[in-house]
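Enquirer: Shown below is the structure under consideration.
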Amino acid sequence: MSSTISASAIRPVLAEVVRSGFVEGHHRGSLVVLAADGSVEFALGDPAAPVFPRSSNKPMQAAAVLRAGLDIAGERLALAAASHSGESFHLELAREMLTENGLTPGDLQTPPDLPLDPAEAEAYLAAGLVRDRVTMNCSGKHAAMLAACALNGWPLDSYLDPSHPLQRLVHDVVEEAADEQVAAVGTDGCGAPLMAISLTGLARAYRSFVLAPEGSAERRVADAMTAHPEYVAGTRRPDTWLMRAVPGTLSKMGAEAVQAVALPDGRALAFKVDDGATRALGPVLARCLERLGVDDPVLARLADAPLLGGGRTVGEIRAAF
């Protein structure tokens, strides 16, 4: 038997699963909370270890298309940083962004998919529609990337290659914002290159975006996302709830249970649940925000993660720190 203990085995419990008063499971992970001056106020697990932030990297990707010269703002810029729900206003704007830049849905290299939001997916299928590249939740990001490439005369067919000029620029923006080197490069679910950084670096990146000078690419992305959170996520999504309830707050989740948030004064947080259970995101996020001193009814909404039995609530997922 190996004497090696995996890092995940010794990471602390961030959330516990309680059914009928019995703790039946745990979700372990790492997190970091930064004070307004950027110092570490609270940490659990190993926030210095690299992770794939997944879609929590999208603000940096959106800043890269601005640095590449693409002039977008408002809802368009918010959608460029989105994991949208596939609601009609998301899909309409994604198509408009393509058309405005002389592109078509056929230029997208997103995998065909259904709307991310379950209710939207049901309605979509009921209407007789099939999986589509525009419907995939990253289509706004890809539309913006393609537009930046078209503007610069960069190849469109290889825009997802890590060596492409746009993706090299994304790499630079991620390292600059996180104030650390990218530890690894992988492939995200949408096919785009994915840069690994630490959770502490991710929190620093979000902090840098909300504190960036007005007019900078980073601040433009943060301002667009906080002003139009329904385009970043959707009408039934926690990121939208939080950014609506606490003005100026930048919030973006990522697949495999990653979350990053920055408050307008520079307080920030980032965490990852090791097993990728998104059901733990809300309770852990609410507890982190409490530690940052946020006092708003939205915290109860975020923390509400019921367990059902026989169609009724018999338990909950709750933060354990």
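Enquirer: Looking at THR235, LEU116, ALA319, which one has the Cα that reaches farthest to the positive end of the dipole of the chain (charges on Cβ: Lys, Arg +1; Asp, Glu -1)?
Expert: ALA319
Enquirer: Name the residue farthest towards the positive end of the dipole of the chain from the options LEU194, LEU70, GLY21, assuming +1 on Cβ of Lys and Arg, -1 on Cβ of Asp and Glu, about the Cα centre.
Expert: Result: GLY21.
Enquirer: Also, quick follow-up: Could you report the chain's accessible area per residue, 1.4 Å probe, as an integer in Å²?
Expert: For the chain, the solvent-accessible area averages 41 Å² per residue.
Enquirer: Okay, moving on. Please name whichever of SER251, ALA212, THR226 sits farthest to the positive end of the charge dipole of segment 203-252, dipole taken about the Cα centre and charges placed at Cβ: Lys and Arg +1, Asp and Glu -1.
Expert: SER251
Enquirer: Okay, next question. What 222 nm value per residue comes from the helices of the chain, counting each DSSP H run with n ≥ 4 as -39,500 (n - 2.57) and dividing by all residues, nearest 500 deg cm²/dmol?
Expert: -11000 deg cm²/dmol
Enquirer: How large, in percent, is the carbon and sulfur part of the accessible surface of segment 248-321 at a probe radius of 1.4 Å? Please report the intermediate quantities before stating the final value.
Expert: Details: 1330 of 2880 Å².
Using a 1.4 Å probe with all protein chains present, segment 248-321 comes out at 46 percent carbon and sulfur.
Enquirer: How are the alpha carbon pair distances in the chain distributed across 20 Å bins from zero to the largest one, expressed in percent?
Expert: In whole percents, the pair-distance histogram is 33, 58, 9, 0.
Enquirer: Quickly work out the SER158-to-ALA183 label distance, labels modelled 7 Å from Cα along the C-beta direction, and quote it in nm with one decimal.
Expert: 3.0 nm
Enquirer: So, with a 1.4 angstrom probe, what is the percent of accessible area on segment 195-238 that is carbon and sulfur?
Expert: Roughly 51 percent, rounded to a whole number.
Enquirer: To continue, here is another question. All other residues with a Cβ under 13 Å from the Cβ of CYS138 taken together, and with Lys, Arg as +1 and Asp, Glu as -1, what is their net charge?
Expert: +2
Enquirer: Charges only on Cβ, +1 for Lys and Arg, -1 for Asp and Glu: so what's the dipole of segment 111-165 about the Cα centre, in debye to the nearest 20?
Expert: 140 debye
Enquirer: For segment 141-158 and segment 93-117, write down the distance between their C-alpha centroids in whole Å.
Expert: That distance is 12 Å.
Enquirer: Here's a follow-up. Treating only the Cβ of Lys, Arg, Asp and Glu as charged (+1, +1, -1, -1), what charge dipole size does the chain show about its Cα centre? Round to the nearest 20 debye.
Expert: 520 debye
Enquirer: Give me the Kirkwood hydrodynamic radius of segment 239-321 in Å, from all C-alpha pairs, to one decimal place?
Expert: Values: mean 1/r = 0.0756 Å⁻¹.
Computed over segment 239-321, the radius equals 13.2 Å.
Enquirer: Tell me the net charge near SER30. Cut-off is 10 Å between Cβ atoms, SER30 excluded, with +1 for each Lys or Arg and -1 for each Asp or Glu.
Expert: Cβ neighbours under 10 Å give a net charge of +1.
The values are calculated or read from the model by the stated rules, or taken from the named source; none is laboratory data. Predicted model only: the values in this text are computed from it and were never measured. Neighbour counts run over all protein chains shown; Cβ positions are idealised from the backbone, glycine included. The protein model used for the area step is the full one, side chains on, heavy atoms only, and it has no ligands, DNA or RNA in it. Shrake-Rupley method; radii C 1.70, N 1.55, O 1.52, S 1.80 Å.
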